[in-house]
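Here's the structure, in structure tokens; my notes come after.
The values are calculated or read from the model by the stated rules, or taken from the named source; none is laboratory data. If you're wondering where the values come from, they're calculated on a predicted model, not measured in any experiment. Glycine also receives a Cβ, built like all others from the backbone with ideal geometry; neighbour counts cover every protein chain displayed. In case anyone asks, the SASA skips ligands and DNA or RNA and just uses the protein heavy atoms, side chains included. Shrake-Rupley method; radii C 1.70, N 1.55, O 1.52, S 1.80 Å.
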Amino acid sequence: MLHFPSWKILTILATVLFGALLALPNALPRSLLAELPETIPARQIHLGLDLRGGSHLLLEVDTETALKQRMESLRDEVRTALRKEKIGYKKLRREGAAVLAELRDPAQADKAKAALANLSASFDANPFAIFSGPSLETAISETGALKTALSEDAVLRQAQAAVSQSIEIVRRRIDETGTTEPTIQRQGRDRILVQVPGFDDPERLKALIGRTAKLNFQLVYEAMTVAEAEERGLPPSVEIRESQEVEGEPPQRYLLRRTVMVAGENLVDAQPAFDQITNRPIVTFQLDSVGARRFGEVTSKNVGKPFAIVLDGRVVSAPVINEPILGGRAQITGRFTIQEVNDLAILLRAGALPAPMHILEERTVGPALGADSIRAGTRAAWVGLAAVIVFMVLVYGLFGFFANIALLVNLILIAGALSLFQATLTLPGIAGIVLTIGMAVDANVLIFERIREEMGAGKGPISAMDAGYSRALGTILDANITTFIAAAILFLVGSGPVRGFAVTLGIGILTSVFTSFTLTRLLAALWVRLRRPAALPLPALPPQTIADPGA
């Protein structure tokens, strides 16, 4: 057990040196790290929100609005399906999670069901709406009353899909800003927790996350003015939209056709730029092949007519189509600042949110508070480390010195592992490291006490050490495996600070088993090989005597 071949010694030393190399960048300034060659590890530990400062937001996804938008789209699809089959109807409307209508000829009920059956199949093909049963349920009474409704399971999963899609889009938007290690996770049924360490502009973060960024291209309705429409009533396929707000100017109002000619879903890229004529900030965008073809068809058929660009329900601009726009590349102009076009490009690239989100909780942690937390946590770690070092030397002498070396190496390996995996260190994570300091010497205490017992039984130094390490191994593994399982469960089911604690605790358990057992065994074996002691520097326990009951 105390014999170490050369390859084992080299492996242990290489592991320690590799961990030290990974941990070293945390002790160097960032300016020096930027000058190091790319072959040298230069990753530093990411600090969490409570240590580095930053923004904390709790958002609520408006799943009711998402359902309403989907049902309005379904109403248009029902209208199209019935017209395609030349089925007469009236009073087409949306009520909750259902679309209602009345067939003019009840004898066409079977034909209407067949037309809407295809609609159900296309609805189920939506990747965000994979349900365990039919999504749409269509019923037609003897009088011709038609009802196409979402099943209860479909409504529930539609809401879940809206939250999942919102999380992904929020993550893309934040990643576009260059921020590292944001925490974005679901809380409850329809809430999203967002923590962005180091983001020093919380208002911009709220603007990036909160905007739906739904982009549509719609034709302007020119048959009447807005005033005439309000006086006579809006045609069924027309809506009124206002322009974006400009300080000091009232918003303009436009009559737009409800039909979306091209949607933002077809957008594949958006970049900030400057107009070559006016030198104003603009956003250039590129559509995919489907969107480019549709955009080309619409602009070709409507040359000389205004074409509105609608962002989040407001008209950004309504330029006249001077010529067909082919190739799918165009630009969005408006009264933008440079910061606004940068953010708008980020929003369009990341995609539109499926539903609006409301900010329920907002909290900003300043860098000064984070620095105080780091100092307090570091102080606690050093105090705990010093106390353990003094205790081990006083109680176990030279072997306690070996355990202290292993403890320091353990801290270096933890820092190296956090740097390697780019884990986020939080204040609870520092608590996990402090706990690891105390737990790291538990294995050594078990080993050294076992060696004392073997010495008390009359064994020689080498035999006692060999038996101590061999027989304590099972207990050490049992204790650490159960603790590691607890840390893994905390990481899987916990969130935020709980996961930060679990990460450092789990890494600390793995590194402490290596250092407290393997490394101290190597140090003890090298010492025995060098000094050849006649006795171990551990006070043996007094021999145990068993009293005679008959005495």
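Which of the numbered conditions does residue 409 fail, given that it passes all the others? Conditions: (1) part of a strand (DSSP E or B); (2) out of contact with any Lys or Arg (no Cβ under 7 Å at 6 or more places or on another chain); (3) buried (at least 16 other Cβ atoms within 10 Å of the Cβ).
It fails just one condition, (1).
Return only the number of the condition from (1) surrounded by fewer than 18 Cβ atoms within 10 Å (Cβ to Cβ); (2) more than 30 Å from residue 422 (Cα to Cα); (3) within 28 Å of the chain's Cα centre (by Cα) that residue 210 does not satisfy.
With (1) surrounded by fewer than 18 Cβ atoms within 10 Å (Cβ to Cβ); (2) more than 30 Å from residue 422 (Cα to Cα); (3) within 28 Å of the chain's Cα centre (by Cα) applied to residue 210, the lone miss is (2).
Among the candidates 504, 515, single out the residue that is touching a strand residue (DSSP E or B) at 6+ places or on another chain (Cβ under 8 Å) and crowded, with 17+ Cβ neighbours inside 10 Å. Explain how you work it out, then say what you get.
Values: 515 fails: touching a strand residue (DSSP E or B) at 6+ places or on another chain (Cβ under 8 Å).
Just one listed residue meets the conditions, 504.
Return the only residue of 341, 383, 390 being within 23 Å of residue 451 (Cα to Cα), out of contact with any helix residue (DSSP H, G or I) (no Cβ under 8 Å at 6 or more places or on another chain) and part of a helix (DSSP H, G or I). Break it down into steps so the answer makes sense when it comes.
Details: 341 fails: within 23 Å of residue 451 (Cα to Cα); 383 fails: within 23 Å of residue 451 (Cα to Cα).
Going through 341, 383, 390 in turn, just one is within 23 Å of residue 451 (Cα to Cα), out of contact with any helix residue (DSSP H, G or I) (no Cβ under 8 Å at 6 or more places or on another chain) and part of a helix (DSSP H, G or I): 390.
Within the range 453-490, how many residues are open to solvent by less than 70 Å² (accessible area, probe 1.4 Å) and of a type in the set (S, T, N, Q)?
The number of residues fulfilling the criteria is 4.
How many residues are in contact (Cβ under 8 Å) with a residue 60 or more places away in the chain and open to solvent by 70 Å² or more (accessible area, probe 1.4 Å) if we restrict to the range 78-95? First the steps, then the outcome.
Step one: filter the range 78-95 for residues in contact (Cβ under 8 Å) with a residue 60 or more places away in the chain, giving 78.
Checking which are open to solvent by 70 Å² or more (accessible area, probe 1.4 Å) leaves us with none.
So the count comes out to 0.
Of all residues in the range 257-281, count the ones that are in a strand (DSSP E or B), of a type outside the set (S, T, N, Q), in contact with a Ser or Thr (Cβ under 7 Å, 6 or more places away or on another chain) and surrounded by fewer than 19 Cβ atoms within 10 Å (Cβ to Cβ).
Residues in the range 257-281 being in a strand (DSSP E or B), of a type outside the set (S, T, N, Q), in contact with a Ser or Thr (Cβ under 7 Å, 6 or more places away or on another chain) and surrounded by fewer than 19 Cβ atoms within 10 Å (Cβ to Cβ): 2 in total.
Taking only the range 325-352 into account, find how many residues are open to solvent by 60 Å² or more (accessible area, probe 1.4 Å) and touching a Gly at 6+ places or on another chain (Cβ under 9 Å).
First pass over the range 325-352, keeping only residues open to solvent by 60 Å² or more (accessible area, probe 1.4 Å): 326, 329, 331, 335, 337-340, 349.
Keeping just the survivors that are touching a Gly at 6+ places or on another chain (Cβ under 9 Å) gives 326, 340.
Qualifying residue count, the range 325-352: 2.
Determine whether the range 228-241 contains at least one residue that is among the basic types (Lys, Arg), open to solvent by 40 Å² or more (accessible area, probe 1.4 Å), more than 30 Å from residue 182 (Cβ to Cβ) and in a strand (DSSP E or B). Break it down into steps so the answer makes sense when it comes.
In the first step, residues of the range 228-241 are kept if they are among the basic types (Lys, Arg); the result is 232, 241.
Going one step further and asking which of them are open to solvent by 40 Å² or more (accessible area, probe 1.4 Å), we end up with 232, 241.
Imposing the further condition that a residue be more than 30 Å from residue 182 (Cβ to Cβ) reduces the set to 232, 241.
Going one step further and asking which of them are in a strand (DSSP E or B), we end up with 241.
Yes, there is a match, as at least one residue in the range 228-241 is among the basic types (Lys, Arg), open to solvent by 40 Å² or more (accessible area, probe 1.4 Å), more than 30 Å from residue 182 (Cβ to Cβ) and in a strand (DSSP E or B).
Going by what's in this entry, would residue 165 be described as of a type outside the set (Lys, Arg), more than 25 Å from residue 340 (Cα to Cα), within 16 Å of the chain's Cα centre (by Cα) and modelled with pLDDT of 80 or more? Even if it seems obvious, please write down each step before you answer.
On the way: of a type outside the set (Lys, Arg): yes; more than 25 Å from residue 340 (Cα to Cα): no; within 16 Å of the chain's Cα centre (by Cα): yes; modelled with pLDDT of 80 or more: yes.
No.
Give me the pairs: first residue in the range 188-215 and over 21 Å from residue 162 (Cα atoms), second residue outside any strand (DSSP E or B) and aliphatic (A, V, I, L, M), beta-carbon distance under 7 Å, and six or more apart or on different chains, which are they?
196/174; 196/205; 197/49; 199/205
Taking the range 7-56 as the search range and keeping residues that are of a type in the set (Ser, Thr, Tyr) and either touching a helix residue (DSSP H, G or I) at 6+ places or on another chain (Cβ under 7 Å) or at pLDDT 85 or above (or both), which one is least open to solvent (accessible area, probe 1.4 Å)?
The first filter runs over the range 7-56 and keeps only residues of a type in the set (Ser, Thr, Tyr), leaving 11, 15, 31, 39, 55.
Filter once more, keeping what is either touching a helix residue (DSSP H, G or I) at 6+ places or on another chain (Cβ under 7 Å) or at pLDDT 85 or above (or both): 11, 15, 55.
Values: 11: 72, 15: 58, 55: 3 Å².
Among residues in the range 7-56 that are of a type in the set (Ser, Thr, Tyr) and either touching a helix residue (DSSP H, G or I) at 6+ places or on another chain (Cβ under 7 Å) or at pLDDT 85 or above (or both), the one least open to solvent (accessible area, probe 1.4 Å) is 55.
Just wondering, is there one or more residues in the range 148-161 that are among the aliphatic types (A, V, I, L, M), out of contact with any strand residue (DSSP E or B) (no Cβ under 8 Å at 6 or more places or on another chain), surrounded by fewer than 20 Cβ atoms within 10 Å (Cβ to Cβ) and without any contact (Cβ under 8 Å) to a residue 40 or more places away in the chain?
yes
Being open to solvent by less than 10 Å² (accessible area, probe 1.4 Å) and touching a strand residue (DSSP E or B) at 6+ places or on another chain (Cβ under 7 Å) narrows it down to one of 298, 316, so name that one. Break it down stepwise before answering.
Numbers: 316 fails: open to solvent by less than 10 Å² (accessible area, probe 1.4 Å).
Matching residue, one of 298, 316: 298.
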